[in-house]
Amino acid sequence: MIAIDQNIADVRARIKQATTLYSRESSTIALLAVSKKQPVSAIQVAIAAGINDFGENYLQEAEAKISELREKSLNWHYIGSIQSNKTRSIAELFDWVHSVDRVSIAQRLSRQRPESLAPLNICLQVNIDAEASKSGLLPAEVLDAVSQISAMPNLRLRGLMAIPAKSTDVEATRASFARMNTLFKQAQQCINCSSFDSLSMGMSADIEPAIAEGATLLRVGTDIFGARSS
Ligand SMILES: *Cc1c(COP(=O)(O)O)cnc(C)c1O
């Protein structure tokens, strides 16, 4: 039996330590629990430990969980890859989407977001290490996408998201996060928009370098819920 509440306490302690070490303001760093492939019972434990934000990658699985937990006031974040025929459900179900990787997907989300709901919070996924295997905008494409998407109705462009290349060298990972931070600041200036405030980066293995380089939203799965059975 994995002690999810203890894991959450451990992750929070790591965040606190890194926040101090890198002189960050703790109010600027939020923790999002990545609950993909985890049962509702595991999410319930995390809710009891004070987690309100959950990340999901698979639409069908997320639909069932969101419906079962609809009485709770939670924020659901879609962080998986987006096929264009799935945008309607994503626009209807989620509060945030971190994995917008092209302007056409943002257009569909904007069109399909129900008017009765608050604007959908969006982060643009950046393929920061230009890996062939990853989706995301290339760094050189980001500013143009930011200026187009920031003007779309029913969306609130909140920031950028990245998953750096897998590496055992923490300095290499940190350098990728630093490039994200630079891009984030450039984008902030280019649209001059106060709600562009989120840098979604840092997973179980790289919470610390992400905090060092300005992450505001950490997406942690394994270190909270344990290994996923695939
Ligand atoms: C699965 C996933 C995570 C969580 O990764 P862990 O290594 O389990 O913490 C974070 N972000 C995205 C986009 C993911 O797909």
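The values are calculated or read from the model by the stated rules, or taken from the named source; none is laboratory data. Quantities reported herein were computed from a predicted structural model and do not represent experimental measurements. Backbone-built Cβ (ideal geometry, glycine too); neighbour counts: all protein chains shown.
Assorted remarks:
To keep it simple, each residue is scored yes or no on (1) surrounded by fewer than 17 Cβ atoms within 10 Å (Cβ to Cβ); (2) of a type in the set (Phe, Trp, Tyr); (3) without any contact (Cβ under 8 Å) to a residue 24 or more places away in the chain; (4) not in a strand (DSSP E or B).
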residue: Ser147; (1), (2), (3), (4): yes, no, no, yes
residue: Ala151; (1), (2), (3), (4): yes, no, yes, yes
residue: Met161; (1), (2), (3), (4): no, no, no, no
residue: Ile207; (1), (2), (3), (4): no, no, no, yes
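- Restricting the range 187-211 to residues that are of a type outside the set (A, V, I, L, M), modelled with pLDDT of 95 or more and more than 16 Å from the ligand (Cβ to nearest atom), the residue that is farthest from Ser150 (Cα to Cα) is Asp197.
- Once the range 212-230 is narrowed to residues that are more than 14 Å from the ligand (Cβ to nearest atom) and farther than 15 Å from His77 by Cβ, the residue that is surrounded by the most Cβ atoms within 10 Å (Cβ to Cβ) is Glu213.
- Scanning the range 96-120 for residues that are in contact (Cβ under 8 Å) with a residue 40 or more places away in the chain and either under 16 Å from Tyr78 (Cα atoms) or of a type in the set (Phe, Trp, Tyr) (or both) gives Trp96, His98, Ser99, Val100, Arg102, Ala106, Leu109, Ser110, Arg113.
- Looking only at residues in the range 1-26 that are assigned to a loop (DSSP other than H, G, I, E, B) and not small (Gly, Ala, Ser), the one that is nearest to Ile43 (Cα to Cα) is Ile2.
- Of all residues in the range 162-186, those being within 16 Å of the ligand (Cβ to nearest atom) and not β-branched (Val, Ile, Thr) number 8.
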